[in-house]
1. Rank-order 355-363, 385-393 by packing density, defined as the average count of other C-beta atoms within 10 Å over each peptide's residues, highest first.
2. From the phi of every residue in region 355-367, what ³J(HN,Hα) in whole Hz does the Karplus formula 6.51 cos²θ - 1.76 cosθ + 1.60 yield, where θ is phi - 60° and glycine or proline is x?
3. Long-range amide H contacts for Arg196: which residues qualify at under 5 Å (H placed 1.01 Å from N, peptide plane, sequence gap of 5 or more or a different chain)?
4. Explain nothing, just compute: Karplus ³J(HN,Hα) = 6.51 cos²θ - 1.76 cosθ + 1.60, θ = phi - 60°, for every residue of region 162-168 in order, whole Hz, x for Gly and Pro.
5. Give me the number: length gained by fully extending Arg196 to Ser303, i.e. 0.36 nm times residue separation minus the C-alpha to C-alpha distance, one decimal in nm.
6. Which pairs in the list Lys223/Lys388; Lys188/Lys388; Lys359/Lys393; Lys364/Lys388 are over 31 Å apart, alpha-carbon to alpha-carbon?
7. For Phe186 and Arg274, calculate 0.36 nm times their separation in residues minus their Cα-Cα distance, and state this gained length in nm to one decimal.
8. DSSP loop (so not H, G, I, E, B), at most 12 other Cβ within 10 Å: list which GluC sites (Glu not before Pro) in region 307-372 pass both filters.
Amino acid sequence: RSGPGSAAGMAARILHRLRSALGGDGDRGPRAGHPEPEDCPESSELEDDTEGLSTRLSGTLSFTSQEEEDEEEEEEEEEEGAAQELEQPPQTAGAEDAGAEGVGWDVRPHPAAGMLTLCPCTEWGAATERPGSSLLTRQLQELWRKSRGSLAPQRLLFEVTSASVVSERSSKYVLYTIYLIRSGRFDKAPATITRRYSDFERLNRRLRCRFGCDMAGIAFPRKRLRRNFTAETIAKRSRAFEQFLSHLHSIAEIRRSPEFLEFFFLQDLQAAQRLTCTGMYREALATWANAYRLQDRLGVCSSGRFLLTLAGLAVCHQELDQLSEAHGCCEQALQLLEAQGSHPLLGPFLQAHVHLAWKVGKDKRRSEARLQDLREAGPPLQQQPTLKECLIKEPLD
């Protein structure tokens, strides 16, 4: 409103309040002929804006990544304007530079539902921080800083993706296909195994003989005399096998045991060896590759079986004229053998690496120097088998 009348009315109301406060009758009701003065416009604007700000900011607990900061600059400017109307300092430049760490969280009543909700609040300086929310804000910020500085551990998940009933001449069984998946990652070519109930039962029996105490609390689905091939039984067993393998993998001694590891990749190694010996290199390559992925998921990439897998991959790639891939397999194997002075596969890998490096135009001087050292320290290299001969002679029981 404008004009002298409105100014005089405002002055009269302020004078009336001053007289009431000085006369000690601030708590009495309004006098006759003097209506109660209405609230100042600023108080109503403050109340409306507080409610609007709380509604706009209320939400679930989440943190902003560095990539989202630029998209949220406009929202931060709106929040700073609202803070100025509330006579609170805006977010400082240091907090803006901190990205997600410059956002605190406050428990405040939801304006509509009348319940407590977790709402974001701007991080004030130490002198202006509100005492009611400072503890929660600091705790959440500290947790966020710690989480950003540490890597979440990768879990290995076991998922039964399919189950099929197989009928042979004298037997009938269910074949379960299991994927080994690292949590938080997408595998273009996941590691897979196919096992039947008798395979799981054999693993369970072997582990209980060796790890009786650790296996005491691990459940295993029992045999059934009938109804073994119904959809309900197959579904229940699929979930039970997933839980069984996850529980075994959670125990360090068990997941590192030969019984547990060979359950996953020994069959693939044996099949790949047979296919390589019979000259079916393309089929063998796929089986060697799956055995490679299985051992990688299980974290046993420095064992003798893994070196044998690299040898199988190198031989099959070379037989299929995929020389660059074969050269890469030899290089990976030699890196694993770097710290070992002698190994049955060291000489064959060095010879294969020198030959492949010459074929693809790569540096072979280091491998030639290591071959010379082996020649001076041991028997003639002509007596050592090739990688292919090592694959054929290696017993995989």
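The values are calculated or read from the model by the stated rules, or taken from the named source; none is laboratory data. Just so it is clear, the structure is predicted and the values come from calculations on it, not from any experiment. No Cβ is skipped: glycine too gets one built from the backbone with ideal geometry, and neighbour counts run over all protein chains shown. Ligands, DNA and RNA are excluded from the accessible area calculation, which covers all protein heavy atoms including side chains. Shrake-Rupley method; radii C 1.70, N 1.55, O 1.52, S 1.80 Å.
1. Working: 355-363: 14.9, 385-393: 16.7.
So the order, starting with the most tightly packed, is 385-393, 355-363.
2. Computed from phi, the couplings for region 355-367 are 5, 5, 4, 5, 5, 9, x, 9, 6, 10, 5, 5, 5 Hz.
3. Tyr176
4. 7, 9, 10, 8, 10, 10, 10
5. Values: separation 107, 0.36 × 107 = 38.52 nm, distance 2.67 nm.
My answer for the length gained is 35.9 nm.
6. Values: Lys223/Lys388 43 Å; Lys188/Lys388 29 Å; Lys359/Lys393 27 Å; Lys364/Lys388 21 Å.
Table pairs above 31 Å Cα-Cα are Lys223/Lys388.
7. Numbers: separation 88, 0.36 × 88 = 31.68 nm, distance 3.11 nm.
Full extension of this stretch gives 28.6 nm more.
8. On the way: sites: Glu319, Glu325, Glu331, Glu338, Glu368; in loops: Glu338.
Passing sites in region 307-372 are Glu338.
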